[in-house]
Amino acid sequence: MLVRLHVNRREMAKGRKGYIWTIHTSKACIRAKEVEIRVPCKTEYRPDLPHNPKVFVRVNANVVNLGKGKFALV
């Protein structure tokens, strides 16, 4: 499954309480505090998008919930 990962600037402003990562899949957008990437990944720059974010990390992986806002891409 294609997964796109990006940082949420608004959540960063919340400090330790924020879920700064967003994991986009074809089925859902998952908020996370921590993401472990266990497979090869690529960066993607999209300057033509009219909204943020414009930089992503792309991974072909499955999302595994590790609990307490932590996820692994395997």
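Assorted remarks:
- Pairs meeting the criteria (first residue in the range 15-44 and in contact (Cβ under 8 Å) with a residue 60 or more places away in the chain and over 12 Å from Val3 (Cα atoms), second residue of a type in the set (S, T, N, Q) and loosely packed, with under 15 Cβ neighbours inside 10 Å, beta carbons under 8 Å, at least 6 apart or on different chains) are lacking.
- Being modelled with pLDDT under 95 and under 10 Å from the mean Cα position of the chain (by Cα) holds for only one residue in Val55, Val7, Val35, Val3, and it is Val7.
- Entirely in the range 17-74, the strands (runs of 3 or more DSSP E) that have 3 or more residues that are not aliphatic (A, V, I, L, M): 21-24, 41-45, 55-60
- Checking the stated criteria, Val63 turns out to be modelled with pLDDT of 95 or more and either out of contact with any Cys (no Cβ under 7 Å at 6 or more places or on another chain) or of a type in the set (Gly, Ala, Ser) (or both).
- Residues of the range 9-45 that are exposed (fewer than 11 other Cβ atoms within 10 Å of the Cβ) and basic (Lys, Arg): Arg10, Arg16, Lys17, Lys27, Lys42.
The values are calculated or read from the model by the stated rules, or taken from the named source; none is laboratory data. Bear in mind the structure is a predicted one, so any value in this text is a computation, not a measurement. For neighbour counting, all protein chains shown are included, and Cβ atoms are generated from backbone atoms with ideal geometry for every residue, glycine included.
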